[in-house]
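The next block holds one structure in the form of structure tokens; read it before the comments.
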Amino acid sequence: MKNLFFLLLLLLPTFGIPILGIGQKPVEVCDLSLQFSNKEEQELFYGFAAGDKIVFSFSESVGAVLAEVEITEFPSNVKFRELNTAAIKEKTLEVPKAAVYRFRFRSDTKKDRTIKVRIQRIPQTEKTRTFVTAVKWVERFDTVYQNNDTRFEKQMVKQTRRVLVRTDTAIVSLVDKTERIAAKANWSGSTTSKVPVTLPSNKYETDRSYEVIAWAYWIGSGEQAEKQYSEANRLATLGKNAVSAAGKLGYLAGPYGALASLALDGVSYFTVPRGGNNIKYRVLAKENKLLDSGDGPAAYARHNTYTQGVLNFEMGNDNYIEAIDARLRVIAVALVKTFRQEEYLEEKEVPVARKFEVKVSRVPVLSK
């Protein structure tokens with residue numbers, strides 16, 4: 001049987017199978033005494049090679065217990081811990097990778113005492129037998145932040161706001177035209193007319209805004225309707241309500257005075273003439289939304305909705321014999337606001353920047 005065992009030992013290296021641990025003698029790491037007094041704690045640091053086996057022993061000189069014995073792969077991987085022990089004999093630990101190990105001893109009594117500590121290593125191969133177990137101490141710099149993430153304090157913070165400087169009113173003439181509409185008996189001409197009118201686009205910028213707030217129209221046919229329109233303009237220049245609303249801007253002195261008054265604040269100086277040819281009309285907004293319709297020698301209205309997009313004015317002649325001239329006037333009212341940027345101070349609760357300090361510590365590393 002002995003011969004067979006030795007034969008296997010000889011053949012294993014032939015097949016590339018190493019014989020681990022066989023023949024490797026323990027290497028002394030330390031054999032020393034530690035003295036404790038008055039609840040003291042002491043530490044030892046040594047480096048070990050990958051594949052090593054640590055053999056650890058300790059004993060208390062008079063057989064009294066030690067509060068704690070701990071072996072840690074530095075910095076925090078605890079491999080072994082024993083509480084309230086008087087002796088440990090040849091405790092073996094595997095070392096999977098090269099690392100520094102800390103051996104910590106804690107006494108919780110005021111009595112002086114001495115302990116014996118012996119640490120050995122069994123290398124995995126002959127190559128690591130001369131591994132240097134003494135550690136080298138280096139300085140490590142750590143940035144430590146104070147735990148005040150949620151702390152706020154009141155501060156005067158500079159803010160920027162947009163301040164209105166002035167507001168102007170713009171009257172925009174969109175359409176002023178005459179449409180010839182044939183009689184029903186006239187097969188060569190159209191008895192209807194469709195006039196599209198595009199309202200001005202609203203614009204919003206940092207220092208200026210332009211917004212259509214209302215629009216108004218007047219439709220009329222014949223001499224009587226035009227006379228009535230001129231009379232409405234004359235009355236508009238004298239009307240107190242209209243003057244207070246827009247007279248200072250000079251809009252009531254021109255040909256759109258009465259229509260401007262109607263568009264600005266809804267004050268109307270128009271009347272429907274008794275004579276003249278009738279116009280059959282419809283006013284449509286987007287998606288053919290019907291806003292107004294009627295049949296008469298003149299018509300007028302103000303709207304402060306549907307202020308964007310395209311309006312369609314449809315005018316028809318229901319007279320079988322005579323063609324008519326239909327006059328269409330449309331104006332829009334826009335507010336033009338001018339702004340400026342103004343800085344001011346406002347009290348706010350703002351987060352306080354975290355304070356930090358750089359801590360310098362000495363840590364053990366493997367010797368090269």
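The fewest-to-most ranking of Val365, Val330, Val267 by surrounding Cβ atoms within 10 Å reads Val365, Val267, Val330.
Taking mean projected area of the Cα convex hull in nm² straight from the coordinates, which label in (1) 46.0; (2) 21.2; (3) 18.3 is the correct one? Among (1) 46.0; (2) 21.2; (3) 18.3, the one calculated here is (1).
Toward the positive end of the charge dipole of the chain, with +1 on the Cβ of Lys and Arg and -1 on the Cβ of Asp and Glu, the farthest Cα among Pro123, Gly47, Ile321 is that of Pro123. How would segment 19-144 be classified by its alpha-carbon gyration tensor: rounded, prolate or oblate, with rounded meaning a/c under 1.5 and the a/b versus b/c comparison settling the rest? Cα axes put segment 19-144 in the oblate bin. Gain on full extension, evaluated as 0.36 nm per residue between Thr305 and Lys111 minus their Cα-Cα distance, stands at 60.2 nm.
Each of Thr307, Phe270, Leu83 was scored by the projection of its Cα onto the charge dipole of the chain, and the greatest displacement toward the positive side belongs to Leu83; charges sit on the C-beta of Lys, Arg, Asp and Glu.
Rounded to the nearest 500, the 222 nm mean residue ellipticity of the chain from helices alone is -3500 deg cm²/dmol, with -39,500 (n - 2.57) taken per DSSP H run of at least 4 residues. Of all segments of the chain bounded by chymotrypsin sites (Phe, Trp or Tyr not before Pro) found in a DSSP loop with no more than 13 other C-beta atoms within 10 Å, the longest spans 1-186. Legend: ranking of residues Ile71, Ile181 from fewest to most surrounding C-beta atoms inside 10 Å; resulting order Ile71, Ile181.
Cβ crowding within 10 Å, taken as a proxy for footprinting-reagent exposure, orders Ser57, Ser107, Ser193, Ser201 from fewest neighbours to most as Ser201, Ser57, Ser193, Ser107.
I need to check one value: relative contact order of segment 19-144, counting alpha carbon pairs closer than 8 Å and at least 6 residues apart, in percent.
44
Each value in this text was obtained by applying a stated rule to the coordinates, not by laboratory testing. Note that this is a predicted model, so its numbers are computed, not measured. Cβ atoms come from the backbone with ideal geometry, glycine included; neighbour counts cover every protein chain shown.
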